[in-house]
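First comes the structure, then the notes that go with it.
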Amino acid sequence: MSKLHPPDGGFVGPIKRSITIAGHATSISLEPLFWQSLERAAVLRALPLSALVAQIDALRIADDDPPNLASALRTWILSEALQT
């Protein structure tokens, strides 16, 4: 069996950031690796981070039983990573 290692930079708790989506400011708490992944995804799509978050939020609220925004972002990021 291979030995497990912590992520680069270690285990770090959530960081709260404010983003404006749909014309209103909202605070989102995500771990740094999730913020980095979202920023990378926004760059790949040539979108501002807030626009990408707004698109994911629109998908989230269209769901029958929408999770909170941070959970939706984490799920979307993981889904994107698993597809590559």
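The values are calculated or read from the model by the stated rules, or taken from the named source; none is laboratory data. As the structure is a prediction and not an experimental result, all values here were calculated from the model. Neighbour counts run over all protein chains shown; Cβ positions are idealised from the backbone, glycine included. The accessibility values were calculated without ligands, DNA or RNA, using every heavy atom of the protein model including side chains. Shrake-Rupley method; radii C 1.70, N 1.55, O 1.52, S 1.80 Å.
For the chain, what does the accessible surface come to per residue with a 1.4 Å probe? Please give it in Å². Mind showing how you got there, number by number?
Details: 5970 Å² over 84 residues.
Per residue, the chain has an accessible area of 71 Å².
Ranking 62, 5, 48 by Cα position along the charge dipole of the chain, where only Lys, Arg, Asp and Glu carry charges on their C-beta atoms, puts 5 farthest toward the positive end.
Extension gain, residue 75-residue 55: 0.36 nm per intervening residue step, less the Cα-Cα distance, totals 5.8 nm. Given +1 at the Cβ of Lys and Arg, -1 at the Cβ of Asp and Glu and no other charges, the dipole of the chain around its Cα centre is 260 debye to the nearest 20. What is the calculated FRET efficiency for residue 5 to residue 43, with r their C-beta to C-beta distance and R₀ = 22 Å, to the nearest 0.05? The formula returns an efficiency of 0.25 here. Of the trypsin sites (Lys or Arg not before Pro) found in the chain, those that fall in a DSSP loop while having at most 14 other beta-carbon atoms within 10 Å are 3, 45. Counting 0.36 nm for each residue step from residue 65 to residue 31 and taking away their Cα separation leaves a gain of 9.8 nm.
Among the helices of the chain, those built from whole DSSP H runs whose Cα atoms reach 20 Å or more along their own axis and whose mean Kyte-Doolittle hydropathy is at least -1.0 are 69-83. Against the criterion of solvent-accessible heavy-atom surface with a 1.4 angstrom probe, 82, 30, 49, 4 sort, most first, into 4, 82, 49, 30.
When the helix-only estimate is applied to the chain (DSSP H runs of n ≥ 4, each -39,500 (n - 2.57), divided by the residue count), what is the mean residue ellipticity at 222 nm, nearest 500 deg cm²/dmol?
Values: 3 runs with 41 residues, N = 84.
Mean residue ellipticity at 222 nm (helix-derived): -15500 deg cm²/dmol.
Within the chain, the ratio Rg/Rh, alpha carbon atoms throughout and Rh by Kirkwood, equals 1.01.
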